[in-house]
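Below is one structure; the comments refer to it alone.
The values are calculated or read from the model by the stated rules, or taken from the named source; none is laboratory data. Keep in mind the model is a prediction, meaning the values are calculated, not measured. Cβ coordinates were reconstructed from backbone atoms using ideal geometry, including for glycine residues, and neighbour counts include every protein chain displayed.
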Amino acid sequence: MSAVVEVVDAGLAVSVQDRGRTGFRNIGVPVSGALDVVLMAAANALAGNPSEAAVLEVGLSGPSLKALSGTVRIGLAGEMGAQVVNTRGQVLKVAPWQTATLFPGDVIRVGGVSHGVGYVALSGGVQVPAQLGSRSTYLRAAIGGVQGRAPKAGDRLQCEAVRGDPWLEFRAQAPWHHETGPIRVILGPQEDHFTPQALETFLTRPYAVTRDMDRMGLRLEGDTLAHNEQGAEIVSDGVAPGTIQVPANGQPIVLMADCQTSGGYPKIATVIRADLPRLAHLRPGDELRFVAVSHAEAAAALREQVQRLADWVGAIQNFRPPGVIDEAALYGANLICGVVRGDEWALHGVDFTHYCGAQHV
Amino acid sequence: MTTDLAHPPARLLSVGDAAWTVEFGNGIDPAIHGRVLGFSSLLDTLSNDGRLEGVVEWVPTFRSVTVHFDPLRADAMTLHDLLAELADKSGSLSAAGCCWHIPVCFDASCAPDLDEVAAAKGMGREDVVRLMTETVFTVYMLGFLPGFPYLGGLPEALDMPRLATPRKVVPSRSIAIAGRMCAAYPWQSPGGWRLLGRTPVRLFDPANARRPALLTPGDQVVWQAIDTDTYEALDQECAAGRFDLSSLLKEGEAT
């Protein structure tokens, strides 16, 4: 059964994204898609969705959504909490890395993301029409998303109503942590356009993230990377998200999900797939270092990440928030009365299976 | 397709763990581009036969083809060897696309850099327009923006460097030149190319899933001068979706 939520507040840097738009790079259409596909999959897993269902990516502050029809389960991934204001005016806290289920009239106010990006999954996925095979938003050409743009107040987003028990919530056993350590790259395609000294510098010195960053790219600042006699311009050739291009000023630019499909600067290296999600969490001033790996090491890292995500998803638990049993009783008995449970259920850090699991689940 | 045994071997370059660039040369050259088209065409055939397991898509450029793959479904080194082998035998394909005659308004209101280019080249503005409309351009690749075509064939007489300071806003559908290249901006964007005209024709339509970009690598393009009244009329037709894009096709002229 379909459900509808209304955007009450659009938040900041919020867009509909999925796995991205492939098959059209030959005509210049960027892939776009979630900057952190792991967290997108995590949010979807919490909400009971396939890992690549369209979600709302939150770059700064989250949206406020009101369930209009149907019961909607919201999954949150990333360091980003929320509040639910229910139809009786109660304010209920929702911790990161769990779900909140909205009944018609309930509003969820998703907070700011404290670190990088966060994802808001709606049960059944955000069902905006797919364009060129994807729901991902690419603003410059007004492709995908909500009629080619970011959501705004008043928009109605279709999703699916919760199947099964709407009084049940889900939470991760622990937050997802990306790997730490240097960002892994494969050198090339134009590592032969740099001096040996530049290659050594790139792989040993720290680079700082500047304020110049968006979904298209990330400018870094550090020791200058000198081009050799082949120079700082090439006839444009293909790039991919993660490609690190170095223009004449010698300062690297890491391309991100919305990057162009080809570029005319020499590209010293490309970040491996497994480490692309980490780039989404960098902030101006952060330092990063690069390390070169082989194709075999990159493939092993990606398989390991997929396995770790499967394990993380497998450890998601369901629980009944305290008070919910009262709510069920209330609805079941069709009573109308005032406060039947505490003003808040704080879900973060409390082991509800211990407190209420044996009794109610 | 013709097989040219004399061509130098292609180079395979890493673009991370999920793409290989198959490079046929360094320059902008019809012979190199012929190999790009030949290789792309071979990939088309193999893909249609389901023989490119794990390959997601490929992007032809002036001088190379970047093959994107899913590293969970294809082993990088196995694919490397397959692509090297294919590049060796794919041969060359000459441009065999469609020929488009596309209306362009060269009025000063649409062409902010036309007078400056004419002055720099010591010719009248009508000479610039004549060169622009007499040339048969070839689409080398699409990139930079969705549907943005890089056209080769600009006469040397119009060879100008990019603007020293790029414009913050290039109006959508501007026709522009840089070096020996010509292009059309499907979208408003920043840009450093010199603007010589504007077309009312929409070069990219995401709602057209079958052919969102009007032009394809290998196509030929001839600009046809129109006056401002015609531009306005066509612009309204195009904006309303009433314009028949196939009317721009000139059959039998493609070589």
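Laid out as a table, the results:
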{"item": "Any hit, the range A:35-50, residues being over 22 Å from A:I316 (Cα atoms), at pLDDT 95 or above and out of contact with any Lys or Arg (no Cβ under 6 Å at 6 or more places or on another chain)", "result": "yes"}
{"item": "Scope the range B:138-185; condition polar (S, T, N, Q) and not in a strand (DSSP E or B); matching residues", "result": "B:T165, B:S172"}
{"item": "Unmet criterion (only one of (1) within 16 Å of A:V37 (Cβ to Cβ); (2) of a type outside the set (A, V, I, L, M, F, W, C); (3) assigned to a loop (DSSP other than H, G, I, E, B)) for A:G154", "result": "(1)"}
{"item": "Test: residue in the range B:235-252 that is under 21 Å from the mean Cα position of the chain (by Cα) and within 14 Å of chain A (Cβ to nearest Cβ)", "result": "no"}
{"item": "Qualifying residue in the range B:46-65 (condition: of a type in the set (S, T, Y), surrounded by fewer than 17 Cβ atoms within 10 Å (Cβ to Cβ) and not assigned by TED's automatic domain parsing to the domain that holds B:T21)", "result": "no"}
{"item": "Residue that is within 14 Å of chain B (Cβ to nearest Cβ) and within 23 Å of A:S114 (Cα to Cα), where the choices are A:G33, A:G11", "result": "A:G33"}
{"item": "Options B:G153, B:G179, B:G192: the member that is assigned by TED's automatic domain parsing to the domain that holds B:D244 and within 20 Å of B:K250 (Cα to Cα)", "result": "B:G153"}
{"item": "A:L46 vs. criteria outside any loop (DSSP other than H, G, I, E, B), of a type outside the set (V, I, T) and either out of contact with any Phe, Trp or Tyr (no Cβ under 7 Å at 6 or more places or on another chain) or without any contact (Cβ under 8 Å) to a residue 40 or more places away in the chain (or both)", "result": "no"}
{"item": "The range A:171-190 - residue that is within 14 Å of chain B (Cβ to nearest Cβ) and on the phi < 0 side of the Ramachandran plot and, of those, farthest from the chain's Cα centre (by Cα)", "result": "A:Q190"}
{"item": "The one condition in (1) part of a helix (DSSP H, G or I); (2) at pLDDT 95 or above that A:Y331 fails to fulfil", "result": "(2)"}
{"item": "Search result, residues across the range A:152-204 that are in contact with a strand residue (DSSP E or B) (Cβ under 7 Å, 6 or more places away or on another chain), more than 30 Å from A:P252 (Cα to Cα) and of a type in the set (F, W, Y)", "result": "A:F170"}
{"item": "Which listed residue, of B:L163, B:L203, B:L142, B:L195, is crowded, with 17+ Cβ neighbours inside 10 Å, closer than 19 Å to B:A118 by Cβ and in contact (Cβ under 8 Å) with a residue 12 or more places away in the chain", "result": "B:L195"}
